[in-house]
Structures are given as C-alpha cells and as structure tokens.
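The values are calculated or read from the model by the stated rules, or taken from the named source; none is laboratory data. These numbers were taken from a predicted model, which means no experiment stands behind them. Because the Cβ atoms are built from the backbone with ideal geometry, glycine has one as well, and the counts that use them run over all protein chains shown. These area figures cover heavy atoms from the full protein model, side chains too; ligands, DNA and RNA do not enter into them. Shrake-Rupley method; radii C 1.70, N 1.55, O 1.52, S 1.80 Å.
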Amino acid sequence: MPSGLWPPAPEPLPLPVTDNHTHLDWDGGDDAPSVAEKLALASAVGVTQVVQIGCELDSAHWTAAAVQEYPHMVGGVALHPNEAPLHANGTHESGVSYEEAFAQIAALVHGERIRVVGETGLDFFRTGPDGVAAQERAFRDHVALAREVGLPVQIHDRDAHRRVLEVMDGDGAPPAVVMHCFSGDVEFARECLARGWYLSFSGTVTFTNAPGLREAAAITPADRLLVETDAPFLTPVPHRGRPNSPAQAAHTVRALAAARGDNLETLCVDLQANSERLYGPW
Ligand SMILES: [Zn+2]
C-alpha cells in the first residue's frame, strides 16, 4: 500500500467527471484523509462521482454499505483475480470457500447502487500456473453473473490480453465491458474497441515510459473513453509514487486531453456521458 505525503489537489477541471474505478476502503496509511474528505477534495476539483470497487469479500461488503452512505458513490463488487484462487485452494485468511464467497458476491450485486460486476479478469503476473484454473473459473463465473443480472463488467487484465479476448469471445460478453486500467498497445486497443468495449485509462497514461498507452488513448473513440484512479495505487505524474485519491484523476484527464488533442471541456463532457451511459445516473 502506498504511503507518505498525500499530494496536493490538482487545478479544478472545467466540468464534472467520474472516477470510474477507485478503492476508498484501502486508505493507504494513518495520515490518510477519511472517505468523506477524499470525496469532498475530489468534488472540489470536478471529480464529482466515483465508482467504488470492492473486490475482496470484506471490501465488497464495505462497498455495499458505503454506497448507501455517500451520494457521490456507486459501487462494483467481485472477487479479484488474485483473491479467487486463494478462496478456491483453501488458503484465504477468512477460511471462506470459493463457492461461499462467490455466492455472497452474487447476492450483493442486486443492491440498487451496485452498478457493475468487477473487478474480475485474469492476472498472469501475480497468480502463478497453479492458480490459473481457479482464476479463469472465477472470471467466467463473474462474466456469467454480469450477463444474468444485466450489469456491465470491469475487467482486470494483467499480462493476459489474449486469453481475456478468448474467454469473452467464447462465453459471450455482458451488456457492456470496461477494460479497467487499460494496459495494452494500439493493436490490443483496436481488438477491444472492435468488440464495442470501453477503455478506462488510469494514471499510468501520464507516465513518461508509457507512450504506447497515450497512442491507445489517442485512437479510442470519444464515446468509448473513461478515466479512473485505481486509488490508492498508480498516482499520476506529477505525484507518481505518492498515495492516490479520486481528486488526482484531474491530472489524468488533462494528460488524456493532451494525448488526444481534445478540448478539455469537450473531453469532460464525453467522459461524463460515457460513465452515465454505463452505470446510470446517481
Ligand atoms: Zn482496482
């Protein structure tokens, strides 16, 4: 978990946008602002809405309660691709089996302010070969759940681009698909966009060593583009390495505008329209 000095608020955006993916239950240390403070800081710079992602069993229950408490927040729930294998192989610290954990997620998605299933997907970086079968089973279960309840899905894809496409093509996609923290190149972006999916860009698009992400952002149609923080991780430049919070999405929006040659106001309007089309108003 990142720790250290919390970065100052960015210059406000001209129009409101939504942080499409954040983890406000992971606070990043003792000196962290409270959830209410983080939401207020974000609103003050134009990041007026957030999608809180609860992707561990405790986080999912936290999310289901928090979306009732904070009007600026809707939620997503799932078992993260690095969590599901631990439930499946009996090593999760909760002692809860995969079947029981997934049943709890499947119950939570019916909450009125739970608007997305996620994050789910494949992570061949952190889960080794022994966990891959359980991870893929969980991915397919979550995709089936999203189809069944008619919600979008947010996909975590780390070093697994090809297999994500194969699983989705084989099983059939839910009504809408978001590639959370998009990490591919232009070619993979085109594969996702050909399927009608949304690409969500995090602070990584501001990193000097990520020209490929800026190229991918530049070819994404305006009606398929989203912004997110994945806070407390992936803090954008100029505060890379320090703890992240939804307010910092303003830096990423400006980097997207620069990469795409977009007018900042127009980009904010597009980003907000895309979020509301996906998750409904809140
Ligand atoms: Zn995340």
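The table that follows gives values for the structure above.
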quantity: Qualifying position, being surrounded by 16 or more Cβ atoms within 10 Å (Cβ to Cβ), among the hydroxyl-bearing types (Ser, Thr, Tyr) and either within 17 Å of the chain's Cα centre (by Cα) or more than 21 Å from Gln52 (Cβ to Cβ) (or both), among Thr252, Thr208; calculated: Thr252
quantity: In region 229-251, the residues that are within 15 Å of the ligand (Cβ to nearest atom) and in a helix (DSSP H, G or I); calculated: Pro246, Gln248, Ala249
quantity: Single match in Ala144, Ala138 (criterion: farther than 22 Å from Ser275 by Cβ and within 16 Å of the ligand (Cβ to nearest atom)); calculated: Ala138
quantity: Count of region 182-208 residues which are away from the ligand (no atom under 16 Å from the Cβ) and either more than 28 Å from Lys38 (Cβ to Cβ) or touching a residue at least 60 places away in the same chain (Cβ under 8 Å) (or both); calculated: 14
quantity: Criterion (assigned to a helix (DSSP H, G or I), more than 19 Å from Glu11 (Cα to Cα), of a type in the set (Lys, Arg) and away from the ligand (no atom under 16 Å from the Cβ)) met by exactly one of Arg277, Arg254; calculated: Arg277
quantity: Qualifying positions in region 142-167 - buried (at least 17 other Cβ atoms within 10 Å of the Cβ) and acidic (Asp, Glu); calculated: Asp157
quantity: Near pairs, Cβ below 6 angstrom, 6+ apart or cross-chain, from region 69-80 (open to solvent by 10 Å² or more (accessible area, probe 1.4 Å)) to any residue that is within 15 Å of the ligand (Cβ to nearest atom) and of a type in the set (A, V, I, L, M, F, W, C); calculated: His80/Cys55
